[in-house]
1. Which one is modelled with the lowest pLDDT, of the residues in region 286-315 that are in contact with a helix residue (DSSP H, G or I) (Cβ under 6 Å, 6 or more places away or on another chain) and outside any helix (DSSP H, G or I)?
2. Does any residue of region 202-213 turn out to be within 30 Å of Asp128 (Cα to Cα) and open to solvent by 60 Å² or more (accessible area, probe 1.4 Å)?
3. So which residues in region 232-256 are in a strand (DSSP E or B) and surrounded by 13 or more Cβ atoms within 10 Å (Cβ to Cβ), if there are any at all?
4. Among Ile278, Ile227, Ile266, which is the only one that is over 30 Å from Ile191 (Cα atoms), of a type outside the set (Gly, Ala, Ser) and either out of contact with any helix residue (DSSP H, G or I) (no Cβ under 7 Å at 6 or more places or on another chain) or surrounded by 15 or more Cβ atoms within 10 Å (Cβ to Cβ) (or both)?
5. So, in region 1-42, of the ones that are of a type in the set (A, V, I, L, M, F, W, C) and surrounded by fewer than 16 Cβ atoms within 10 Å (Cβ to Cβ), which residue ends up farthest from Glu192 (Cα to Cα)?
6. From the list Thr132, Thr87, pick out the single residue that is more than 22 Å from Pro149 (Cβ to Cβ) and open to solvent by less than 50 Å² (accessible area, probe 1.4 Å).
7. Given the conditions (1) part of a strand (DSSP E or B); (2) within 21 Å of the chain's Cα centre (by Cα); (3) farther than 21 Å from Ile35 by Cα; (4) aliphatic (A, V, I, L, M), and given that Leu186 satisfies all but one, which numbered condition is not satisfied?
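The values are calculated or read from the model by the stated rules, or taken from the named source; none is laboratory data. Only a predicted model underlies this, so the values are computations on that prediction, with no experimental measurement involved. Cβ coordinates were reconstructed from backbone atoms using ideal geometry, including for glycine residues, and neighbour counts include every protein chain displayed. With ligands, DNA and RNA removed, areas are computed over all heavy atoms of the protein, side chains included. Shrake-Rupley method; radii C 1.70, N 1.55, O 1.52, S 1.80 Å.
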Amino acid sequence: NGDDALKVLGGTLKVDSTTKLGYIKIIYDNKTEQIFVIDNGSGIEDPIWIIKFPLRSRKGIFDLEVDQVGKRGRGLHGFRSFFKNLTYYTSLHKAVNPKLSDESIAHLNNIGWAKEDLKCCKLELVHDSIETTLTKIPISEFQKFTTAPHGTIAVFSNPIEITWEELKKRKGELTKRIQHHYRHELETGRIEITIEDGKKIEKLQPRQFSNENGPFDLYEFPDGNGIVNNVRTVYDKNGDKLGTIKYELYKVTGEYKHTYKKPYLITKDHRPLGDSFISEMQEMLDDNGPWKSPYVVGIVKCDFVEPDDLRIALSVEGDNAEKNK
């Protein structure tokens, strides 16, 4: 959500593709045994919608020039298996002009709020309840946690079925997962992601395909396979160019271990679909390419296929259905 919020703000401000968008901080607070996730992005545009209509997209309600944050509330409700409590503090950037649904406006009227009251507010959730408490807050309460005047702060507290010490031991898994899903952001430097634990601050770097002996050797496809310099150009049935597939694959020994060892797919938005291992995709089960080899790792970037709304598969509906197939 923080990543989306920073991209939304960049689109709203119409910054160029080289401008740094902002930061995401993951903070382990050892005194309170809470985890804070802080971004200085756009803020949540319509908290009413994600409270009242979780998992229902706002797509199609408005014709917007940029994407939105807070479209479905998955991030808001997905904490329940891990923590007993989640509190959001959110403050809208002054350049963001919220577009509210008719349902949200009606709810505001019912509780006697104005649209401006949503610019800085707090949302409190408990894992065993579907209710969300929404409260207006002054900017001073928001800035108890950050120096930025805008963005969102998520506070996770009271972990379920795991001690604080056990939770912290899993930071390595967290780092690998962020590197897997946000490689593009880390590579370009447009978004800075840090993990803070006491005085130790780690700025995350993109995953390196290397070991103590240096970079891995590139995996080269045989000539005549339609791949030139590890890039394949793809055309539709009419001969029009759809885009390119770029293979960034590397050779390893069978002893190489990594959570995300298998080659995986990156879609048009620069992110994988879940873990996105190519060998496990239904369409690729009978393919005997390098995806199933224990001696090949890396990434396949496809700049024309798009994810579905839930980011768990390729979209097979609408304008891009044929491309994705």
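1. Looking at residues that are in contact with a helix residue (DSSP H, G or I) (Cβ under 6 Å, 6 or more places away or on another chain) and outside any helix (DSSP H, G or I), I get Ser315.
2. The answer is no; no qualifying residue exists.
3. Arg232, Val234, Leu242, Gly243, Thr244, Ile245, Lys246, Tyr247, Glu248, Leu249, Tyr250, Lys251
4. Ile227
5. Leu13
6. Thr132
7. (1)
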